[in-house]
Structure formats: C-alpha cells, structure tokens
Amino acid sequence: MRTSKINTTIVDGYIGLLDNLSMTDKLDLISKLSNSVKTDLQKKKSLFKESFGAFISDKSAEEQIEEIRSSRVFTRKIEPF
C-alpha cells in the first residue's frame, strides 16, 4: 500500500471520529491544530538557523590543528604477504 493511500485512510478514520463533535469542539480543534503547525514550523526554522555560526574557542588556529592531528588514531594494520 502506498504512503499516500495509508495517510488518506488514517485521515478518513479521524474524520469519522470527529463527525460526532459539536461545532464549538471542532472549531477549538482546528485552532489547536493550526497553533501546533505554526509551532512546528517555527521550531524547524530556528533549528535550521542554529546550525550555522562561528566556532568559538580561545585557542589559536594552529593549536586547534595540532590538537586534531594529535588526537587521530590509526588502527589500520598492513599485513605482509
């Protein structure tokens, strides 16, 4: 079954449940769903923006390079023929 068909089936199931709600409850649900979507979009935007920026350190570039190179571990073993 394709994903779009599954999603349609799930939505149709929810619609069946929501038919019994009053108009006030339905409007309240719409409002809450809208706020939820807006919050999700804001979170995604802020997470995307937080992924950019400068690396902050008190060490000089040379010290950082030396630290990275000294922390490397080589475990490759070359066996003789």
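The values are calculated or read from the model by the stated rules, or taken from the named source; none is laboratory data. Quick caveat: nothing in here was measured; it's all calculated off a predicted structure. Ideal geometry is used to build each Cβ from the backbone, glycine not excepted, and the neighbour counts take in all protein chains shown. All accessible areas refer to the heavy atoms of the entire protein, side chains included, with ligands and DNA or RNA removed. Shrake-Rupley method; radii C 1.70, N 1.55, O 1.52, S 1.80 Å.
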When you scan the range 60-78, how many residues do you find that are at pLDDT below 85 and either of a type outside the set (A, V, I, L, M, F, W, C) or more than 34 Å from the chain's Cα centre (by Cα) (or both)? 4
Is there any pair linking a residue in the range 65-78 that is at negative phi to one that is part of a loop (DSSP other than H, G, I, E, B) and open to solvent by less than 100 Å² (accessible area, probe 1.4 Å), with Cβ under 8 Å and at least six apart or on different chains, and which? GLU67/LYS59
Can you pull out the residues in the range 26-48 that are open to solvent by 100 Å² or more (accessible area, probe 1.4 Å) and basic (Lys, Arg)? LYS32, LYS38, LYS43, LYS44, LYS45
Within the range 28-59, of all residues that are hydroxyl-bearing (Ser, Thr, Tyr) and under 25 Å from the mean Cα position of the chain (by Cα), the one farthest from LEU18 (Cα to Cα) is SER51
Give me the pairs: first residue in the range 28-52 and at pLDDT 80 or above, second residue surrounded by 10 or more Cβ atoms within 10 Å (Cβ to Cβ), beta-carbon distance under 8 Å, and six or more apart or on different chains, which are they? LEU29/LEU18; LEU29/LEU21
If I filter the range 49-77 down to residues being part of a loop (DSSP other than H, G, I, E, B) and small (Gly, Ala, Ser), which single residue comes out as surrounded by the fewest Cβ atoms within 10 Å (Cβ to Cβ)? ALA54
